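The values are calculated or read from the model by the stated rules, or taken from the named source; none is laboratory data. All of these numbers come straight from a predicted model, not from anything done at the bench. Note: ideal-geometry Cβ built from the backbone for every residue, glycine included; neighbour counts use all protein chains shown.
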């Protein structure tokens, strides 16, 4: 029963709040969810469930692995949750809030991705945002209160706009169930598409509504930045593919020029901002925002041509790859700060001499994020670029998507520059005061990092392991 995947982390969170051993309870729940997800993915047709919880007969808590997108997002959610439970150093005396909040974020993310009803799809996402705000504001670092308020204001704005778009769409259709979603009348499609792009786009940090993301991730505890950047942010992309492209395909096509301009803002403008960052956590936060542009490029390709067979698998594969790689990088960033006391890139150097395992895994994750062949992100990015030119003929001339794809290729160069420069400054060169006493990864740190690194390698070498579902 898929409801168990939501119920287990919820019950574990309650158990922690009433006195159960925090870390062991959270770890047990995360491991159990990985096993249940594996069984569900092995035979997804037997895992659909649903029951009415409200008087409105059109609103049901209906759960299911609706299609391959749900399956891939479920796999992403349980893997990152397991790694997040292991990652970060909980402040003494704060174990209850730390681990219960981590599980509540995971429960909300999983619930959103396995819901087959628009109402609960939205509601589970909002459930996950509450502990996110609390963790940043209470247990974060740096300007945590400012970051918590900023993410709260931005995501509340996005959620309200999104709710308006969803209600307008389902009001035309008369049902909240995904299976009943269909194209609404043309006179409403432009409005609905605009509301959904702005609503979902704010939650995904689409330019220019992106400035909340990097400060929030830099201030957040490691499990929060891993789960939000790696998993929860994919809610908006998933929602556009699942809902917006179905209910307003013509509207999405009409907004295509604007979407192309905005996604280039993510890739080029935010890429240049990332180049200028002096702290590793802010660099990774801006890098995450930048790479959302590539996934929006696949969505733009699908908007331009609804028959594009590459675009949706490309978007979902890159969503998965980015989720794993950015979660791994944020986990390693927290470990670097714990071992050296700083994330200022200029104050680090030679860390590979004292922490070779850390240097190797960070290098692998960094290479994945910039699209090195053989790692998961490369497969997703190459498919996105192919999707931009799918079914294109030179006689047709260059359209919005083709021009955008060519410009977006420069983002690969920007990514390589900031990631390779950061790796050189942090891990190469002579030892400095902050790194000469740093220790390498111990066993509890190796488990989550090796899990995510192995995932990047397996999917990169054999992307069909996920593409078979798509």
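Values computed for the structure shown
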| read-out | value |
| --- | --- |
| Any chance residue 358 is surrounded by 24 or more Cβ atoms within 10 Å (Cβ to Cβ), in the same structural domain as residue 277 (by TED's automatic domain parsing) and more than 25 Å from the chain's Cα centre (by Cα) | no |
| Residue pairs meeting the criteria (Cβ under 6 Å; at least 6 apart or on separate chains; first closer than 20 Å to residue 219 by Cα, in region 256-285; second not in a helix (DSSP H, G or I)) | 279/343; 279/344; 280/343; 281/343; 283/277 |
| Residues of region 174-188 classified as more than 17 Å from residue 122 (Cβ to Cβ) and part of a loop (DSSP other than H, G, I, E, B), total | 5 |
| Subset of region 406-456 (residues that are part of a helix (DSSP H, G or I), closer than 19 Å to residue 341 by Cα and over 24 Å from the mean Cα position of the chain (by Cα)) | 424, 425, 426, 427 |
| Residue selected from region 444-470 under the condition closer than 20 Å to residue 81 by Cβ and modelled with pLDDT under 90, by the criterion surrounded by the fewest Cβ atoms within 10 Å (Cβ to Cβ) | 444 |
| Condition met for residue 211 (touching a residue at least 12 places away in the same chain (Cβ under 8 Å), within 18 Å of residue 282 (Cα to Cα) and in contact with a helix residue (DSSP H, G or I) (Cβ under 7 Å, 6 or more places away or on another chain)) | no |
| Helices (runs of 4 or more DSSP H) wholly inside region 226-321 containing at least 3 residues that are closer than 30 Å to residue 101 by Cβ | 234-239, 270-275, 280-304 |
| Whichever residue in region 191-208 is outside any helix (DSSP H, G or I) and in contact with a helix residue (DSSP H, G or I) (Cβ under 6 Å, 6 or more places away or on another chain) and, among such residues, is surrounded by the fewest Cβ atoms within 10 Å (Cβ to Cβ) | 207 |
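Table: residues versus (1) in a helix (DSSP H, G or I); (2) at pLDDT below 90; (3) in contact with a helix residue (DSSP H, G or I) (Cβ under 6 Å, 6 or more places away or on another chain).
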residue: 97; (1), (2), (3): yes, yes, no
residue: 120; (1), (2), (3): yes, yes, no
residue: 130; (1), (2), (3): yes, yes, no
residue: 137; (1), (2), (3): yes, yes, yes
residue: 142; (1), (2), (3): no, yes, yes
residue: 147; (1), (2), (3): yes, yes, yes
residue: 150; (1), (2), (3): yes, yes, no
residue: 162; (1), (2), (3): yes, no, yes
